[in-house]
Amino acid sequence: MKSALVTGANKGIGLEVVRQLAQNGFFVYLGSRNLESGLAAAETLKKNGINQVEVVQLDVTDPESVQAARTLIGEKTPVLDVLVNNAGISGGFPQSALTASIDQFEAVYDTNLFGVVRVTQAFIDLLRQAPEPRIVNLTSAMASLTLAADTLGSSYDNKLAVYQSSKSALNMYTINLAYELRNSPFKVNMVCPGYTQTDFTGHQGTSTVQEAGQRIAKYALIDQSGPSGRFISEEYFPEPATCPW
């Protein structure tokens, strides 16, 4: 049975990705910063017939927590087939480029960028043992430099200096990661789940959690003909070739 790790997975999109990967035959490690919240989420899944899930305490901002999760999972399996770096925070509002504090930037970057780096580097050895390893990093269409700079675009006036820049930096990290793994079976992509109705958005949005989960799971399940190093935002750009960076 293939295995996967999803971070920030006790609710919302992360939990839905766990559900969909389990339904596709994976044993899924449900990463949760708060262990009790993760256990409650797993219990909900079990009540719906999804049993191949194990909760792992994992705070992506805490190196000791990341290493403890790596040790625990490594004791249970020598191979990790899929890593979904889902954990992320918005950083609160407002987010002015002129007035947002360094503390605000550091907190968001610690989760949205550094957390991804910590987890990826910690688990890369287990991923290398998989025949077709996949890494999916959750990004946002708001991270597109092209869209953000388009004065005629519908989202031009929607600016979040801290969150947007953290996800743009994540995109560049993902491109570099895909490049370094280009001569291997890895597929590494950054995927926008869409404007999704979760706690993150105050339950506003144009996409359901199920739709967002499908967009993420799709790129965890791609075969060797699939893309790598791509910025994918299917809600806004159904044709990847038209997706602006």
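The values are calculated or read from the model by the stated rules, or taken from the named source; none is laboratory data. On a predicted model such as this, the values are computed, not experimentally measured, just so you know. For neighbour counting, all protein chains shown are included, and Cβ atoms are generated from backbone atoms with ideal geometry for every residue, glycine included.
When you scan segment 164-177, how many residues do you find that are farther than 10 Å from residue 137 by Cβ and either crowded, with 17+ Cβ neighbours inside 10 Å or touching a residue at least 24 places away in the same chain (Cβ under 8 Å) (or both)?
Number satisfying all stated conditions: 6.
Kindly indicate which of 160, 152 is at pLDDT below 95, over 18 Å from the mean Cα position of the chain (by Cα) and farther than 21 Å from residue 3 by Cβ.
152
Can you find a residue that is farther than 22 Å from residue 21 by Cα, modelled with pLDDT of 90 or more and either out of contact with any helix residue (DSSP H, G or I) (no Cβ under 9 Å at 6 or more places or on another chain) or outside any loop (DSSP other than H, G, I, E, B) (or both) anywhere in segment 198-207?
No, that holds for no residue.
Which of the following residues is surrounded by 14 or more Cβ atoms within 10 Å (Cβ to Cβ), under 24 Å from residue 218 (Cβ atoms) and in contact with a helix residue (DSSP H, G or I) (Cβ under 8 Å, 6 or more places away or on another chain): 181, 147?
The conditions single out 147.
Residues being among the β-branched types (Val, Ile, Thr) and over 11 Å from residue 163 (Cα atoms): count how many of those fall in segment 90-110.
Here the count works out to 2.
Determine, yes or no, whether residue 111 is modelled with pLDDT of 95 or more, among the hydroxyl-bearing types (Ser, Thr, Tyr) and assigned to a helix (DSSP H, G or I). Spell out the reasoning first.
On the way: modelled with pLDDT of 95 or more: yes; among the hydroxyl-bearing types (Ser, Thr, Tyr): yes; assigned to a helix (DSSP H, G or I): yes.
Yes: the conditions hold for residue 111.
For segment 80-108, what are the residues that are surrounded by fewer than 17 Cβ atoms within 10 Å (Cβ to Cβ), assigned to a loop (DSSP other than H, G, I, E, B) and over 14 Å from the mean Cα position of the chain (by Cα)?
92, 93, 94, 96, 97, 98, 99, 101
I'd like the residue in segment 50-67 that is part of a loop (DSSP other than H, G, I, E, B) and not aliphatic (A, V, I, L, M) and, out of all such residues, is surrounded by the fewest Cβ atoms within 10 Å (Cβ to Cβ). Step through it out loud before you land on a result.
Pass one, segment 50-67, residues part of a loop (DSSP other than H, G, I, E, B): 50-52, 58-62.
Checking the rest, the ones that are also not aliphatic (A, V, I, L, M) come to 51-52, 59, 61-62.
On the way: 51: 11, 52: 16, 59: 21, 61: 16, 62: 16.
Per the criteria, the residue is 51.
For the structure I just gave you, tell me whether residue 168 is at pLDDT 95 or above and of a type in the set (Gly, Ala, Ser).
When the stated conditions are applied, residue 168 passes them.
Using the structure shown, decide if residue 41 is modelled with pLDDT of 95 or more, under 23 Å from residue 117 (Cα atoms) and either hydrophobic (A, V, I, L, M, F, W, C) or exposed (fewer than 15 other Cβ atoms within 10 Å of the Cβ) (or both). Before you say what the answer is, go through the steps one by one.
Details: modelled with pLDDT of 95 or more: yes; under 23 Å from residue 117 (Cα atoms): no; either hydrophobic (A, V, I, L, M, F, W, C) or exposed (fewer than 15 other Cβ atoms within 10 Å of the Cβ) (or both): yes.
Criteria not met by residue 41.
Answer yes or no as to whether residue 118 is under 21 Å from the mean Cα position of the chain (by Cα), more than 28 Å from residue 162 (Cβ to Cβ), not acidic (Asp, Glu) and not in a loop (DSSP other than H, G, I, E, B).
No: the conditions fail for residue 118.
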